[in-house]
Amino acid sequence: MLILGIESSCDETAASVIKTDADGTQVLSNVIYSQIATHKKYGGVVPELASREHLEKIAGVVDEALKTANITHSELDGIAVTQGPGLVGSLLVGLNFAKAIAFATGKPIVGINHIEGHVYSIAFEFPPPEYPALALVVSGGHTNLFLIPEPEKYKLVARTRDDAAGEAFDKVSKLIGLGYPGGPVIDRLAKLGNKRAIIFPLAEIKEKDGSGLSLDFSFSGLKTAVLRYVREHQIEPVTNPENPGSQILDLCASFQNAVVRALVRSLRKASERFQPRTILLAGGVACNSELRAAVQKLADELKIPAYIPSPIYTTDNAAMIAAAGYPKLLRGEHLGWDTSADVSLRLPNVDVEAAKPKQKQRYRL
Ligand code: KG4
Ligand code: ZN
């Protein structure tokens, strides 16, 4: 099956063509136009500018994806487009463009939840996972831990109560003058600092019903702790990122370590509780070198495989959206012409009983 994927939920205009069949999934093209340069000076994504830029770029990006894949519209078997969650103006650009192609060519089109798309970022470099799987999806907008008892069934077992992990990286980066996006630069500088220089305590989050400690995450307290540390130690914002000084390096290393500890603590507890057969790591923060190493170490301890995709697939891209579209297109689903973008689209949550492992079996994603 040849699928065109289109993604425009935040600040990347992306299109991809994948070829998927019983033998696996091949990425024929993966075009990503990043708007980082536009938003950098504002220290974060400006929704108005984002939608305007998507509008300017979408046609060229889709054309390039088809050309690189050497595919014409008529050869496509279907189109998969991000329907939500995301920024409404941005989502609408991709969704309407995809609908227009589907309408003009008569090809089927399916709407994809962006978070589910991230889960499918493992489709290109790994064999089908064994279920149940635990998927940690960590990005600029989301921090979710899903139990996946079988393909396309999700049980949300932990989520952030406040900031997303990537958002914490971006806010701390802005605070110390390292700009947007924060993740890559903090990751680079953290390698040069001492992660034990400052011990930031991890938030203890209680279950809402008072039944004990929750698996949920919270990063806003950590961000405030960094702010307090910066003030108390009179740390000035960085002016030369090539030589930020040891205080900043130690701060980056200690902050990043706290985020990684919090994420892996919950992943470890969930692994004990749900006994997954595979761990999946996805989303922009999955590029983080310390997180990748820590998740791999946990999986090694548990003697199960960790599927940690290459950075090009963990950050926003359209190949993952196309891959998530495959089972839906195969079933003959079709997005209604009047279906609009959904900024807070959720994945249907399977109940705990259904989420319990049933039998040892290999499924294709
Ligand atoms: O998945 P993504 O491209 O977009 C969203 O759906 O949000 O994730 C972007 C986020 C940003 O917050 C960025 O700072 C973070 O991923 N990020 C990283 C790294 N690379 C990107 N965070 C930590 N370490 C990295 N190496
Ligand atoms: Zn994303």
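Contact annotation: residue pairs with Cβ atoms under 9 Å, 6 or more positions apart or on different chains, pairing a residue in the range 328-349 that is in a loop (DSSP other than H, G, I, E, B) with a partner that is exposed (fewer than 12 other Cβ atoms within 10 Å of the Cβ), are 337/103.
Taken over the range 154-178, residues that are away from ligand 2 (no atom under 16 Å from the Cβ), open to solvent by 10 Å² or more (accessible area, probe 1.4 Å) and within 21 Å of residue 269 (Cβ to Cβ) amount to 5.
Scanning for something out of contact with any helix residue (DSSP H, G or I) (no Cβ under 7 Å at 6 or more places or on another chain), under 17 Å from residue 170 (Cα atoms), surrounded by fewer than 19 Cβ atoms within 10 Å (Cβ to Cβ) and not β-branched (Val, Ile, Thr), does the range 13-32 turn up at least one residue?
Here is the first cut: in the range 13-32, the ones out of contact with any helix residue (DSSP H, G or I) (no Cβ under 7 Å at 6 or more places or on another chain) are 19, 21-24, 26, 32.
Of the ones still in play, those that are also under 17 Å from residue 170 (Cα atoms) are none.
Within the range 13-32, none of the residues are out of contact with any helix residue (DSSP H, G or I) (no Cβ under 7 Å at 6 or more places or on another chain), under 17 Å from residue 170 (Cα atoms), surrounded by fewer than 19 Cβ atoms within 10 Å (Cβ to Cβ) and not β-branched (Val, Ile, Thr).
So that you can scan it fast, the table gives a plain yes or no per residue for (1) open to solvent by 10 Å² or more (accessible area, probe 1.4 Å); (2) in contact with a Pro (Cβ under 8 Å, 6 or more places away or on another chain); (3) over 30 Å from residue 199 (Cβ atoms); (4) away from ligand 1 (no atom under 12 Å from the Cβ):
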{"site": "263", "(1), (2), (3), (4)": "no, no, no, no"}
{"site": "266", "(1), (2), (3), (4)": "no, no, no, yes"}
{"site": "269", "(1), (2), (3), (4)": "yes, no, no, yes"}
{"site": "272", "(1), (2), (3), (4)": "yes, no, no, yes"}
{"site": "279", "(1), (2), (3), (4)": "no, yes, no, yes"}
{"site": "292", "(1), (2), (3), (4)": "yes, no, no, no"}
{"site": "295", "(1), (2), (3), (4)": "no, no, no, yes"}
{"site": "314", "(1), (2), (3), (4)": "no, no, no, no"}
{"site": "321", "(1), (2), (3), (4)": "no, no, yes, no"}
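What do you reckon, is residue 83 within 26 Å of residue 340 (Cα to Cα) and either touching a residue at least 40 places away in the same chain (Cβ under 8 Å) or open to solvent by less than 40 Å² (accessible area, probe 1.4 Å) (or both)?
The answer is yes for residue 83.
Let's see how each residue does on (1) part of a helix (DSSP H, G or I); (2) at negative phi; (3) among the hydrophobic types (A, V, I, L, M, F, W, C); (4) within 16 Å of ligand 2 (Cβ to nearest atom):
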| residue | (1), (2), (3), (4) |
| --- | --- |
| 249 | yes, yes, yes, no |
| 256 | yes, yes, no, no |
| 265 | yes, yes, no, no |
| 273 | yes, yes, no, no |
| 285 | yes, yes, yes, yes |
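In the range 59-80, the residue that is surrounded by the fewest Cβ atoms within 10 Å (Cβ to Cβ) out of those that are in contact with a strand residue (DSSP E or B) (Cβ under 6 Å, 6 or more places away or on another chain) and among the aliphatic types (A, V, I, L, M) is 71. Number of residues in the range 87-116 that are in a helix (DSSP H, G or I), closer than 17 Å to residue 62 by Cβ and within 14 Å of ligand 2 (Cβ to nearest atom): the value is 3. For the range 297-312, filtered to residues that are out of contact with any Lys or Arg (no Cβ under 8 Å at 6 or more places or on another chain), more than 15 Å from ligand 2 (Cβ to nearest atom) and in a helix (DSSP H, G or I), the residue that is most open to solvent (accessible area, probe 1.4 Å) is 297.
Kindly provide the set of residues from the range 15-36 that are more than 21 Å from residue 327 (Cα to Cα) and at pLDDT 95 or above, ordered by number.
Going through the range 15-36, the residues more than 21 Å from residue 327 (Cα to Cα) turn out to be 31-36.
Answer for the range 15-36, where residues must be more than 21 Å from residue 327 (Cα to Cα) and at pLDDT 95 or above: 31, 32, 33.
Among residues of the range 135-153 that are of a type in the set (Lys, Arg), those with a Cβ under 6 angstrom from a residue that is assigned to a loop (DSSP other than H, G, I, E, B), sequence gap 6+ or separate chain, pair up as 153/350. The one condition from (1) modelled with pLDDT under 90; (2) surrounded by fewer than 20 Cβ atoms within 10 Å (Cβ to Cβ); (3) within 24 Å of residue 89 (Cα to Cα) that residue 45 does not meet is (2). Restricting the range 100-122 to residues that are among the small types (Gly, Ala, Ser) and within 16 Å of ligand 1 (Cβ to nearest atom), the residue that is surrounded by the most Cβ atoms within 10 Å (Cβ to Cβ) is 121.
Of everything listed in (1) among the acidic types (Asp, Glu); (2) within 30 Å of residue 62 (Cβ to Cβ); (3) more than 16 Å from ligand 2 (Cβ to nearest atom), the single unmet condition for residue 316 is (3).
The values are calculated or read from the model by the stated rules, or taken from the named source; none is laboratory data. Quick caveat: nothing in here was measured; it's all calculated off a predicted structure. Heads up, the Cβs are rebuilt from the backbone with ideal geometry, glycines too, and the neighbour counts pull from every protein chain shown. Calculation scope for accessible area: heavy atoms of the full protein, side chains included, ligands and nucleic acids excluded. Shrake-Rupley method; radii C 1.70, N 1.55, O 1.52, S 1.80 Å.
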